[in-house]
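As structure tokens, the structure follows; a few thoughts come after it.
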Amino acid sequence: MACSKKLVGDCTMLNVNNLSKSFGALQVTQGVSFHLNKGARHALVGPNGAGKTTLFNILSGELAPDSGRIIFEGTDITSYNRWRRVRAGISRSFQGSNLFLESSVLENIILALLACRSPATNVLKKLNSEKALKEKAVVIATKVGLKDQLAEKVGDLAYGSQRQLEVALVLALSPKVMLLDEPTAGMSLVEKKEMLSIIESLSTNLSILIIEHDMDVVFHVSNWVTVLDDGKILFEGTPEDARKSDEVRSRYLSEV
Amino acid sequence: MQNFPEQQLRDAVAIIVICIGLLVWFNAGFFGHELLAQIAILAIFAMSLDLLAGYSGQVSLGHAAFFGTGAYGTAALTAIWGWPLSVAMPISIIITAGLAFCVAIFAVRLSGIFFLMVTLAIGEVFHSFFFRVRVFGGDDGLGGIPRLDLGAIGIDLLSPISFSMFTLITVALVYWGLSYISRSSFGAVISGIRQNESRMAALGCKVRSYKVWTFTVAACLAALAGSLSAQHDGFVSPDLLSWTASGEVLIVVIVGGMSSLVGPIIGAVVVVLLAHYVSGLTNYWMFFMGLFFVAVVLAGGQGIYGLFEKTCRRLHNVKR
């Protein structure tokens, strides 16, 4: 089904309506509205301090907005806490390394698969006997190119591989909407290429909102761009239009 | 590539320590049995704290409060109200579970140093309660506590010989139970919470629920140790709940080696024996104990078992 990019309709997964958030006198998010369709590859760009990560924190439930609503698949989830949003199908990655550094790659992915279960279910299962879980984890590791590093301790992993694991943890939650916070930040060119091919290989049923600084990456993976500046939406459109827009160029592109 | 058999090593060491306990039991005199029971009770208490602090990362300075409610519950139900111990013991553990659950609901909202402070404060509330309330003897404490009556199966727990065996078996059972929990998927999740709580929450985990359950289970086992201690001494006093008691058991866990379960058992053995023998040699024994603790912490901060495990890991890697 072809989804119109501009209109809110049947294939809208996430509809963000007039979100605002301020810390004291500082308005970090001011009346932000946009929507994410099924299968979208939507990039969120903007200079440092534009409020991109804050917006992610609001969408994932770490921060409560001062006003505005978040509708996910027709349900108002504004009041949902973090775990309810994950279980509804929204999961996020983090900018820095935010992993379980003492555990192995495989253990990290297994943890992501276990996290949603109740304490009572988990206490009755021996970790070593969860064969199905292990197989699932290996499949996910293969998807992000970490198949050969399963037993390695995450703290000893190269930075690029840690970023790949970051994506694996999000995938393990089988989300419908993925929020990726700068997945290629600080990567070498080779690592960046690998990350791009991982993102491209993801199912087209998955909607992805991706924060990205690297405009080449934005043009490569996304088909829709929202430019955030000073907590407000400055521009919305296709990557080509964004490149042509004088406003975007003067506020953002020129700075990079 | 052969992974280092961490869990097997722990189990093996735990079995060896318990077997040494049995050997000592066969050869001990009256005083040996008293020491054995004291070590066993401290080991159970320390293992319960290890689940809380070592596995789920909730370092508490109020854990003695639950040791105390277990002890006082047993004491009050038997010595004041005349219940049989076989009923009083489980009831005192259940009461502690209820109290711990209520405390946990509030306490787990905090972590790190704030959790430490709130548990310290709550522990002191429990302490002053038993210190003040006359029904429980106030600061005089409460005496005349019987021991569990196993006469039906021909065991007289009033004799120190059978009581020390009883505590030794309890240590083995508690170790087995806790090592089951640590190996379960539940254990994996609480270890994830210890390593990175906010990430665990972002993965959709009901972090607080896991922390509340861990806290409650740890408190129940502390209450079990407390109940055994009340039976062992035949006497309870508010000192059992003081924050220094919480601090001492934390030292036992750290000296023995955190998040290993077998570490706290070793810690209990070392601390009790050291206190016993050094205090026989000099009046300044507390000073030398302090030096010893500092030495253990400086030697890598992983405790006695941590150092042992590290050495084994090196040897294993060299061989490979």
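Bear in mind these aren't lab numbers, they're just calculated from the coordinates by the rules spelled out. Note that the structure is predicted; figures quoted are calculated from it, not measured. Glycine also receives a Cβ, built like all others from the backbone with ideal geometry; neighbour counts cover every protein chain displayed.
Tabulated data
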read-out	value
Ranking of B:Ser242, A:Ser201, B:Ser48 by count of other Cβ atoms within 10 Å, fewest first	A:Ser201, B:Ser242, B:Ser48
Spacing of the two label points (7 Å from each Cα toward its C-beta) at A:Asp216 and A:Asp241, in nm	2.7 nm
Whether the range B:120-227 is rounded, prolate or oblate, judged on the alpha carbon gyration tensor where a/c under 1.5 counts as rounded	oblate
10 Å Cβ neighbours from other chains, averaged over peptide A:91-98	2
Total charge dipole magnitude, the range A:60-198, about the Cα centre, Cβ charges on Lys, Arg, Asp, Glu only, Debye to nearest 20	540 debye
Cα-Cα over 22 Å, subset of A:Lys38/A:Lys136; A:Lys131/A:Lys176; A:Lys21/A:Lys52	A:Lys38/A:Lys136; A:Lys131/A:Lys176
Acute angle (nearest 10 degrees) that the helix A:189-201 long axis makes with the longest principal axis of chain A, alpha-carbon atoms	90 degrees
0 to 90° range, to nearest 10: angle between helix A:105-114 axis and chain A longest Cα axis	80 degrees
FRET efficiency estimate (nearest 0.05) - Cβ-Cβ, B:Leu281 to B:Ala152, R0 41 angstrom	0.40
Gaussian network model of chain B, Cα within-10 Å springs - most flexible of B:Gly151, B:Gly73, B:Gly82	B:Gly151
Computed E for B:Glu34/B:Leu307 - FRET, C-beta separation, R0 25 angstrom, nearest 0.05	0.25
Quotient of C-alpha Rg and 2.2 N^0.38 Å, computed over the range B:6-240	1.05
Sorted peptide list for A:99-106, A:24-31, criterion being average Cβ within 10 angstrom, highest first	A:99-106, A:24-31
Nearby lysines by direct alpha-carbon distance to B:Lys310 (threshold 27 angstrom, same-chain neighbours under 8 apart not counted)	A:Lys126, A:Lys153, B:Lys319
At least 18 Å along the helix axis (C-alpha) and Kyte average at least 1.0, DSSP helices within chain B	B:6-27, B:30-49, B:85-107, B:113-132, B:160-183, B:243-256, B:262-281, B:285-298
Inter-probe distance in nm under a simple model that places probes 7 Å from Cα toward Cβ, at B:Leu273 and B:Trp81	4.1 nm
Burial order of peptide ranges A:232-241, B:226-235, A:52-61, A:139-148 (average beta-carbon count within 10 Å, highest first)	B:226-235, A:52-61, A:139-148, A:232-241
Other protein chain Cβ atoms within 10 Å, averaged over every residue that makes up B:180-187	6
